[in-house]
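Asks: Input: one structure, supplied below.
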Amino acid sequence: MDKKRRDFLKVAGISTLAGLGGTAVVDKIVAGASPAVANASTAAHAEKDTAHAKAPVAATGKRYGMVIDVRKFQNDPSLGEKAERACIEAHNIPEFPEKKDEIKWIWMTNYENCFPEKSQLYKDETTESHQVPVFCNHCDDPPCVRACPTKATFKNKDGVVIMDFHRCIGCRFCMAACPYGMRSFNWRNPRPFIKETNKQFPTRMRGVVEKCNFCAERIGVGEQPACVEACGESKAMVFGDLNDPHSEVRKILKENYTIQRKPSLGTHPSVFYIV
Amino acid sequence: MFEKALKGNNYYWMWLAFLGFFIGIAVICYLRQYFYGLGLTGMSRDVSWGLYISQFTFLVGVAAGGVMLVLPYYIHNYKVFGRITILGEFLAIASLLMCLMFIMADLGQPLRGLNVLLYPTPNSMLFWDMCVLWGYLILNALCGWVILTAERKQVKPPKWIYFFVYLSIPFAISIHTVTAMLYCGLPGRHFWLSAIIAPRFLASAFAAGPALIVVLALILKRVANFDAGKEAINKMVTIIIYAALANMFFVGLEFFVGFYSNIPGHKHTLTYLFFGLEHHGHVYNNLVPYMWAFVALFLLGIGLISHPYTRKQSELWLGVGCASIFFSFWLDKGIGFVLGGFVPTPLEEIVEYYPTANELFITIGIWATGFFILTVLYKIAIGVEHEIEA
């Protein structure tokens, strides 16, 4: 009799524990399975799928994005250099003598490197000679955020994918996860290699990953990203809220045929290119 | 039981001193890396994981391989493995400790490692990898120690330990599955983005792990008067043969999918690894010799361990055969798989990786540390065996 009672208490105790603990764990997993913050969705989704969307994704929330007019970079080849310089100066990006240590947030590359899936045997002359700026796509479903084991990289409410340099452990999982190769690592102390330190933005230490942050520090105070500002009146780069149907980016997207980098991967980039 | 590791003949101490020498060098090299940063390695923004992570990946397999002894012994009551199951469990401990050291060596900010626990992130496979690796390490340490203690006292192991022994079996499968998921869930890395990665990892693990155990058992027979038994070795070799063949079958399937579908992304890395990849007039092929050595050593090894003469009559050739399989799969997974996956880069450029001397010495030193731990653990296990026999 006694033994049975003991057994009963054991079973009851364990099932209670499992009930309490188990659900908590499951909740945590379910909550964690979706990326850290997902308040914005693709512009197209927001309009079409609001009714069908699994989670009520805020069509009203901001989702920052950019449209690049590659033709304008073609017309004025100095624009690329200007945008790169502006970014380097705004974000204290070090310039190393060795390519192995290289850190870059935005740079110009060939059309075929930017869009490897769009190669063709006989390209037209402009496409062949196009230099295209590449930088973080601030994906709506970013693989880097999914991979990060510490939430050091996360998606902000306005759709911008940013880094917490103080939390990053430097495992570089995000670098393997980014299908666009847009992330850099501080292989050594970057500070001696910063030409002129901008006191408005933190410098980094060795051993952490970094990438374009859409100038979160500037757009937060109502300014344009540094690269957009550097392109000036040319409108080679236009920045704005993709979720706002009256924004300039949306207007441009409506009037032009644009392409994105590797759309087949389902990352939903927020950067569009007019070629 | 630790006192058993403190008594040994000259060869024992010389071997430990030999390993200690490499550990010492590695400590100095690691301090250099710690104060300078990972720039002392050959890694770059294009090949962002190098030898450390590739060794980690391979060693997870070696650790998981121990389950090929645990499973037949505890589930199927295959008594012949009784004497050597402890070798598998202790090998798993040493391998997992090496894995953890390689991870620490690879972190840019090792002091922040606990952030993985402080900010648990279930959508990251690295978080789960940490959970299963630590789980498997603790399970093996617990089971190995409790069962060895019982053996020493010549009593049956306590019943409760069997729960953990059985639990260690799915854990062994999970450590290598989750390690495969670090790679095969990444969009845009075509070589890794394949559902066969996890089965392939397991197959090569179930060959490489037992192959190392056979080699170790043959060495122990000579130097430590510990005989694993002919039947046990023979059965393990059978396991190795089937697992090794399964691995090669899976590699062959990767080739079929890539080259029959003719999709460039699926072919690039395989071409780079085995034939060299041409890009803007230059052929990049620094891993090609390793890959063909992988194939050659596999053929040599499988020949030696399959042929009745070398398998049953000659312990030397059997040892060479198993060592060939082990090195072959080390080249496959510990070199080719991880490093090859970064070629070409997402921007379709090719950057080749060459490890630096500093990085190589750290790698060698971590291996030496693992074998140091393994030697001590095996010394204890065999000391207990001898004590019972005496």
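Asks: Given chain B, what whole percent of its Cα pairs are spread farther than 39 Å? Before the final figure, lay out each step's value.
Replies: Numbers: 12472 of 75855 pairs.
Roughly 16 percent, rounded to a whole number.
Asks: Follow-up question, since we're still on this one. Under the definition of partner shielding as Cβ atoms of other protein chains within 10 Å of a residue Cβ, what is the mean value for peptide B:99-112?
Replies: Averaged over the peptide's residues, the number is 4.
Asks: Hey, another quick one. Using only atoms on other chains, find how many Cβ atoms lie within 10 Å of each Cβ of peptide A:175-184 and report the average.
Replies: Numbers: counts 8, 12, 8, 6, 7, 4, 11, 3, 2, 3.
Mean shielding count: 6.
Asks: Moving on to the next point. Taking each residue of A:106-112 in turn, how many C-beta atoms of other protein chains fall within 10 Å of its C-beta, and what is the average? Let's see the in-between values first.
Replies: Working: counts 0, 1, 0, 3, 3, 0, 2.
Per-residue shielding by partner chains comes out at 1.
Asks: In square nanometres, what is the average projected area of the Cα convex hull of the protein assembly as shown?
Replies: On the way: hull surface 140.2 nm².
So the mean shadow area of the Cα hull is 35.1 nm².
Asks: Right, next: For the residues B:347, B:277, what sequence is obtained by ranking on other C-beta atoms within 10 Å, fewest first? Numbers along the way, then the final one.
Replies: Details: B:347 18, B:277 22.
Fewest-to-most Cβ neighbours within 10 Å comes out as B:347, B:277.
Asks: If we count other beta carbons within 10 Å of each Cβ, what is the order of B:124, A:234, fewest first?
Replies: Numbers: B:124 25, A:234 14.
Ascending number of Cβ neighbours within 10 Å: A:234, B:124.
Asks: Could I ask something else about it? For residue A:236, what is the net charge nearby, where nearby means another residue's Cβ is under 11 Å from its Cβ and Lys, Arg count +1, Asp, Glu -1?
Replies: Local charge sum for residue A:236: +1.
Asks: Which of the peptides A:216-222, B:356-362, B:80-86 is most tightly packed, and how do the rest follow, judged by the mean count of other Cβ atoms within 10 Å per residue? Don't jump to the answer; show the numbers that get you there.
Replies: Values: A:216-222: 13.6, B:356-362: 18.7, B:80-86: 21.1.
Averaged packing, sorted descending, gives the order B:80-86, B:356-362, A:216-222.
Asks: Determine the calculated [θ] at 222 nm for chain B from helices alone, applying -39500 (n - 2.57) to every DSSP H run no shorter than 4 residues and normalising by the residue count; nearest 500 deg cm²/dmol.
Replies: On the way: 13 runs with 268 residues, N = 390.
Rounded to the nearest 500, the figure is -24000 deg cm²/dmol.
Asks: Please rank B:309, B:378, B:284, B:30, fewest neighbouring Cβ atoms within 10 Å first, as an exposure proxy. Mind showing how you got there, number by number?
Replies: Working: B:309 9, B:378 23, B:284 17, B:30 20.
By the 10 Å Cβ count, ascending: B:309, B:284, B:30, B:378.
Asks: Further question: Please give me the summed charge of the neighbours of residue A:206: other residues whose Cβ is under 15 Å from its Cβ, Lys and Arg +1, Asp and Glu -1.
Replies: On the way: positive: A:100, A:172, A:188, A:191, A:204, B:32, B:45, B:112; negative: A:98, A:101, A:102, A:210, B:106.
Result for the local shell: +3.
Asks: Taking the dipole about the Cα centre of the protein assembly as shown, with the C-beta of Lys and Arg at +1 and of Asp and Glu at -1, give me whichever of A:136, B:190, A:236 is farthest to the positive side.
Replies: B:190
Asks: Quick check: from the Cα gyration tensor, does segment B:216-265 come out rounded (a/c under 1.5), prolate or oblate? Mind dumping the intermediate values first?
Replies: Details: a/c = 9.79, a/b = 3.59, b/c = 2.73.
Cα axes put segment B:216-265 in the prolate bin.
Asks: Past 19 Å, Cα to Cα, is the threshold; run B:7/B:79; A:211/A:251; A:118/A:254; A:100/A:211; A:195/A:235; A:118/B:267 against it and keep the listed order. It would help to have the intermediate numbers written out before the result.
Replies: Working: B:7/B:79 30 Å; A:211/A:251 28 Å; A:118/A:254 22 Å; A:100/A:211 16 Å; A:195/A:235 28 Å; A:118/B:267 17 Å.
Listed pairs above 19 Å: B:7/B:79; A:211/A:251; A:118/A:254; A:195/A:235.
Asks: Another question, then. To one decimal place, what Kirkwood hydrodynamic radius in Å is obtained for segment A:121-187 from all pairs of distinct Cα atoms?
Replies: After inverting the mean inverse Cα-Cα distance, the result is 13.6 Å.
Asks: Which peptide among B:104-111, B:366-373, A:267-274 comes first, and what is the full order, when sorted by highest mean count of other Cβ atoms within 10 Å?
Replies: Details: B:104-111: 18.5, B:366-373: 20.8, A:267-274: 22.4.
Result, highest mean Cβ count within 10 Å first: A:267-274, B:366-373, B:104-111.
Asks: Tally Lys/Arg at +1 and Asp/Glu at -1 over every other residue whose Cβ is under 15 Å from the Cβ of residue B:187; what's the total? Working shown, then result.
Replies: Working: positive: A:146, A:183, A:261, A:262, B:189; negative: A:117, A:140, A:141.
So the surrounding residues net to +2.
No lab work stands behind these numbers, since they all come straight from the coordinates. These numbers come from a predicted model, not from an experiment. Backbone-built Cβ (ideal geometry, glycine too); neighbour counts: all protein chains shown.
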